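In what follows, a single structure is set out as C-alpha cells and then discussed.
The values are calculated or read from the model by the stated rules, or taken from the named source; none is laboratory data. In this text the structure is predicted, and so the values were computed from the model without any measurement. Cβ placement follows ideal geometry from the backbone for every residue including glycine, while neighbour counts extend to all protein chains displayed.
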Amino acid sequence: MPDLPPFHLAFPVDDLNAARRFYGELLGCREGRSAEDWIDFDFFGHQIVAHRTSETGVVGINTVDGDQVPVRHFGVVLGMAKWHTVAQRLKDAGADFIIDPHVRFAGQPGEQATLFVRDPSGNALEFKAFKDPKRLFAK
C-alpha cells in the first residue's frame, strides 16, 4: 500500500476527559493541541479532533457480511499484528463492542479482520486489517 497523506476528522464528544482516557490512554493516541472545547489526537498517523457538543451518537445501520454496521463511523486500517494488539487491548479494558473482533469476507478478495467499538460518547469506530493489504480496494 503506498504512503497516503493523513486524513483529518472532527467528531462530537460529550466529555473531553472521557475522550482523553479512551483515545489517549486506552488506544495510545498522542494528544496534540487542545482548547476548552476540543482536543487533537494522533490517530495512527491521522489527525482526529474531539469536539465537545451535546449532539453525539450513531445514525443508521446497514448489513455488511451479516453484521449490523453503524452507518456513521470512522476508523483505521492497521497491519494484522497491530490489529490483534488493539483488539486485545480493547477486550482487556471491557470495551463496548458493537461488533466483536472477527474475520469478515473469509476466503474472498476483501478478507479482513474487523471490530466495531463505541467511544465513551457513543461514536462508532472500526478497526480493520486485511489478510492481504494490497486487496484494500479489491472487488
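Points worth noting:
- Extreme residue, surrounded by the most Cβ atoms within 10 Å (Cβ to Cβ), among residues of the range 5-31 that are aliphatic (A, V, I, L, M) and out of contact with any strand residue (DSSP E or B) (no Cβ under 9 Å at 6 or more places or on another chain): Leu26
- Residues in the range 64-86 that are touching a residue at least 24 places away in the same chain (Cβ under 8 Å) and more than 15 Å from the chain's Cα centre (by Cα): Val64, Asp65, Asp67, Gln68.
- Any hit, the range 57-75, residues being closer than 25 Å to Pro5 by Cα, outside any strand (DSSP E or B) and out of contact with any Asp or Glu (no Cβ under 9 Å at 6 or more places or on another chain): yes
- Residue match in the range 18-33 (condition: more than 17 Å from the chain's Cα centre (by Cα) and either outside any strand (DSSP E or B) or acidic (Asp, Glu) (or both)): no
Residue-by-condition table, conditions (1) buried (at least 18 other Cβ atoms within 10 Å of the Cβ); (2) in contact (Cβ under 8 Å) with a residue 24 or more places away in the chain:
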| site | (1), (2) |
| --- | --- |
| Gln88 | no, no |
| Phe116 | yes, yes |
| Leu125 | yes, yes |
| Ala129 | yes, yes |
| Pro133 | no, yes |
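- Hits in the range 104-114 (condition: of a type in the set (A, V, I, L, M, F, W, C), over 18 Å from the mean Cα position of the chain (by Cα) and surrounded by 14 or more Cβ atoms within 10 Å (Cβ to Cβ)): Phe105
- Condition check for Leu4: part of a loop (DSSP other than H, G, I, E, B) and either under 13 Å from the mean Cα position of the chain (by Cα) or among the hydrophobic types (A, V, I, L, M, F, W, C) (or both): yes
- Residues within the range 106-130 that are aliphatic (A, V, I, L, M) and within 16 Å of Gly94 (Cα to Cα), tallied: 4
- Of the residues making up the range 77-86, just one is outside any helix (DSSP H, G or I) and closer than 18 Å to Asn123 by Cα, namely Val77.
- Of the residues making up the range 34-47, those that are over 18 Å from Ala93 (Cβ atoms), within 14 Å of the chain's Cα centre (by Cα) and not acidic (Asp, Glu) number 3.
- When the range 42-56 is limited to residues that are of a type in the set (Val, Ile, Thr) and in a strand (DSSP E or B), the one that is surrounded by the fewest Cβ atoms within 10 Å (Cβ to Cβ) turns out to be Val49.
- Looking only at the range 87-139, and only at residues there that are touching a Pro at 6+ places or on another chain (Cβ under 9 Å) and part of a helix (DSSP H, G or I), the one that is modelled with the lowest pLDDT: Arg135
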